[in-house]
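Reading through the structure tokens given below for one structure.
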Amino acid sequence: MDFSRFKLLTFDIVGTCIDFEKGVLDAVRRIGGEATANLSDDDIFKPYLDGRLRHYGRNSEVFYDVYKYVAAELGLVNTEAAARDFQLSVLEWPAFADSAQALARLRTRFRLVAMTNGDRTSFTAYDHRLGWPFHDSVTYDDAKCAKPDPRFFSHNLGRQSAFGFKQDEILHVAQSQYHDIGVARELGYSVCWIERRFDQEGYGGTPVPDKFTKPDFHFHSLGELADAVFGTR
């Protein structure tokens, strides 16, 4: 695998570096009460996806409303306190076990840029959890839109071009076929798919894409990507 032409790696954060599925599931089951006992992961993800689509603003603000929607759909505890608790849990979503070390390794070779649908508030929490690996970042607050909107990628490309980087020197690294891989490929980027759910069926807490996009590189974790870059895989 030849990574020599890339100078800059752009990363989706939520789902690729941060395990939002675990964060959502753990919070719903902790807050939602006895009604969660017999719910599968997919039972929770379905109303979560619908609720997120209805409330697609700054994630450090709108997850109060996302929870209220999920709770109403599933018959969970639906109090103001429960919704506030779920909202705050967004800032506590855990990193995948391999993320921080892999990003630290990759930083020694590439410029790393975060491209996240999270807002600046939530990204600051995630960046801290990951060990502050990024040289630059673009959030929902900066781009004023969310992936898969092509304007998000245009915003970042303009920003990185000011530092002297060209599009063909960028490799976009992401988990979501829906939010990232498909649109990035259509825009002419090289793409690396981190298939975090390789051992699970379905798309979980991520919307199903209209079509599957074959990536240039395909790994199951950021650790595998780092090993491939440094020739240890």
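On the given criteria, is ASP119 surrounded by fewer than 19 Cβ atoms within 10 Å (Cβ to Cβ) and of a type outside the set (Lys, Arg)? So ASP119 fails the test.
Before we move on, is LEU157 assigned to a helix (DSSP H, G or I), more than 18 Å from THR16 (Cα to Cα) and either of a type in the set (A, V, I, L, M, F, W, C) or open to solvent by less than 40 Å² (accessible area, probe 1.4 Å) (or both)? Yes. Restricting attention to the stretch 83-108, the residues being hydrophobic (A, V, I, L, M, F, W, C), open to solvent by 50 Å² or more (accessible area, probe 1.4 Å) and touching a Lys or Arg at 6+ places or on another chain (Cβ under 9 Å) number 0.
Of the candidates GLY204, GLY164, GLY223, the single residue that is small (Gly, Ala, Ser), part of a loop (DSSP other than H, G, I, E, B) and touching a helix residue (DSSP H, G or I) at 6+ places or on another chain (Cβ under 8 Å) is GLY204. Just one of the listed residues (ARG129, ARG111) is modelled with pLDDT of 95 or more, over 19 Å from PHE96 (Cα atoms) and not acidic (Asp, Glu), namely ARG111. Could you go through the stretch 171-183 and let me know if any residue there is assigned to a loop (DSSP other than H, G, I, E, B), hydroxyl-bearing (Ser, Thr, Tyr) and over 19 Å from ARG120 (Cα atoms). Yes, because at least one residue in the stretch 171-183 is assigned to a loop (DSSP other than H, G, I, E, B), hydroxyl-bearing (Ser, Thr, Tyr) and over 19 Å from ARG120 (Cα atoms). Is there a residue in the stretch 50-59 that is open to solvent by less than 10 Å² (accessible area, probe 1.4 Å), among the polar types (S, T, N, Q) and part of a loop (DSSP other than H, G, I, E, B)? No, the conditions are met nowhere in the stretch 50-59. Of all residues in the stretch 90-101, those satisfying the criterion of being touching a residue at least 60 places away in the same chain (Cβ under 8 Å) and closer than 27 Å to TYR48 by Cβ are VAL90, GLU92, TRP93, PRO94, ALA95, PHE96, ASP98, SER99. Report yes if PHE110 is within 19 Å of PHE3 (Cα to Cα) and aromatic (Phe, Trp, Tyr), otherwise no. In short, yes. For the stretch 1-29, filtering for residues that are touching a residue at least 24 places away in the same chain (Cβ under 8 Å), among the basic types (Lys, Arg) and either under 21 Å from THR139 (Cβ atoms) or not in a loop (DSSP other than H, G, I, E, B) (or both) leaves 1. Quick check on THR213: is it under 12 Å from the mean Cα position of the chain (by Cα), in a loop (DSSP other than H, G, I, E, B) and polar (S, T, N, Q)? Considered against the rule, which asks whether it is under 12 Å from the mean Cα position of the chain (by Cα), in a loop (DSSP other than H, G, I, E, B) and polar (S, T, N, Q), THR213 comes out as no. For the stretch 160-183, the candidate set comprises residues that are open to solvent by less than 10 Å² (accessible area, probe 1.4 Å) and of a type in the set (A, V, I, L, M); within that set, the residue that is nearest to LEU225 (Cα to Cα) is VAL173. Selection of the stretch 184-195 for residues being in a loop (DSSP other than H, G, I, E, B) and either modelled with pLDDT under 95 or open to solvent by 30 Å² or more (accessible area, probe 1.4 Å) (or both) yields LEU187, GLY188, GLU195.
For PHE45, the test of being open to solvent by less than 30 Å² (accessible area, probe 1.4 Å) and either out of contact with any His (no Cβ under 9 Å at 6 or more places or on another chain) or not in a helix (DSSP H, G or I) (or both) is passed.
The values are calculated or read from the model by the stated rules, or taken from the named source; none is laboratory data. The model shown is predicted, which means the values in this text are computed figures rather than measured ones. As a convention, Cβ positions derive from the backbone with ideal geometry for all residues, glycine included, and neighbour counts pool all protein chains shown. Note: areas computed on protein heavy atoms with side chains; ligands, DNA, RNA excluded. Shrake-Rupley method; radii C 1.70, N 1.55, O 1.52, S 1.80 Å.
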